[in-house]
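Engineer: Take a look at the following structure, please.
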Amino acid sequence: MLTTIKDTEMLKLKARELKQRYALGDRDFSNFDLSNLDLRGVNLENVNFQGVKLQGTTLQGANLEKANFQGADLTNCNFYRANLYGANLSQTDLVYTNLKEANLHKTLIENACLDHVCLERTDLSEAYLNNVSVKCAQFTKTDLTDATLIDVNLSLAYLSDIYYSKMTRLCNCFPVETISPDFFQALEQRNEVVLSS
């Protein structure tokens, strides 16, 4: 009788094993459990982390240029000063992740959750964000030069000293409040009172 592994079961990999396999040329680490590892300063350029569980992992100062994180669980990760140039962060969960001073230049982030994320001094220049939740995310001195943001509700985030350019595109990022018909009736009544005075 054949034994099958459940879809939700993932193979746990240690930091040493990951580094050794990468040094031997392996770039595909999709669907591994890499949570709570210390991967500070590692070079994992062009790595495939699709569907990976990286909860609580420290990737501070790591080189993750052009890495594929599509569908990964990156909750509570530390990417402080990490290089994520050209990375794919689509369909990721980045809740409570530290992206302070990280390089996300030309990253692709679609259908992702960046709630409660620190984006202080983060380089998002020329990045493409579409349908991204940023509730309580901190955008302080964040570089959005030439970035494209579509359906990213920035009204729910903390914004301070944002850098942008004429080429920065914001589409549906500040939703218009729905105005009730009562508002217009009250306005007409107020105008009638003002005109009759």
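The numbers here are math on the coordinates, done by the rules we state, and not lab data. Predicted, not measured: the structure shown is a model, and the values here were computed from it. Virtual Cβ from ideal backbone geometry, glycine too; neighbours counted across all protein chains shown.
Engineer: Can you classify region 88-131 as rounded, prolate or oblate using the Cα gyration tensor, where a ≥ b ≥ c are the square roots of its eigenvalues, rounded means a/c under 1.5, and otherwise it's prolate if a/b beats b/c and oblate if not? Mind showing how you got there, number by number?
Structural biologist: On the way: a/c = 2.15, a/b = 1.05, b/c = 2.05.
It is oblate, given that a/c is not under 1.5 and a/b is not larger than b/c.
Engineer: To continue, here is another question. Any idea what the relative contact order of region 1-112 is, in percent, if you count C-alpha pairs under 8 Å spaced at least 6 apart? Kindly include the intermediate steps, with their values, before the conclusion.
Structural biologist: Details: 309 pairs, mean separation 20.1, N = 112.
Once divided by the residue count of region 1-112, the mean separation gives 18 percent.
Engineer: How long is the gain from Ile162 to Ala23 if the chain were fully straight, where each residue apart is worth 0.36 nm and the alpha carbon distance is subtracted?
Structural biologist: Working: separation 139, 0.36 × 139 = 50.04 nm, distance 3.88 nm.
My answer for the length gained is 46.2 nm.
Engineer: Determine, for Met167, Met10, the number of other Cβ atoms within 10 Å of each Cβ, and report the residues in order from fewest to most.
Structural biologist: Met167, Met10
Engineer: Round to a whole angstrom and tell me the spacing of the C-alpha centers of region 99-157 and region 57-93.
Structural biologist: Centre-to-centre distance over Cα atoms comes out at 13 Å.
Engineer: While we're on this one: Which shape class, rounded, prolate or oblate, goes with region 17-114 when its Cα gyration tensor gives a ≥ b ≥ c as root eigenvalues, a/c under 1.5 marks rounded, and past that a/b bigger than b/c marks prolate?
Structural biologist: Values: a/c = 1.30, a/b = 1.26, b/c = 1.03.
The shape class here is rounded.
Engineer: R0 = 35 Å: FRET efficiency of Ala15 with Ser155, Cβ-based, nearest 0.05?
Structural biologist: The pair Ala15/Ser155 has a calculated efficiency of 0.30.
Engineer: Then there's this: Order of Cys118, Cys171, Cys113, Cys136 from fewest to most other C-beta atoms within 10 Å?
Structural biologist: So the residues, fewest neighbours to most, are Cys171, Cys136, Cys113, Cys118.
Engineer: Can you sort Phe29, Phe49, Phe174 by how many other beta carbons sit within 10 Å, fewest first? Mind dumping the intermediate values first?
Structural biologist: Working: Phe29 22, Phe49 26, Phe174 9.
Ascending number of Cβ neighbours within 10 Å: Phe174, Phe29, Phe49.
Engineer: What's the extension gain from Glu45 to Tyr128 if we count 0.36 nm per residue and subtract their Cα-Cα distance?
Structural biologist: On the way: separation 83, 0.36 × 83 = 29.88 nm, distance 2.00 nm.
Stretched out fully, the Glu45 to Tyr128 stretch lengthens by 27.9 nm.
Engineer: Let me ask something additional. Is the shape of region 76-149 best called rounded, prolate or oblate, per the rule: a/c under 1.5 gives rounded, else a/b larger than b/c gives prolate, else oblate, with a ≥ b ≥ c the square roots of the Cα gyration tensor eigenvalues?
Structural biologist: In terms of gyration-tensor shape, rounded.
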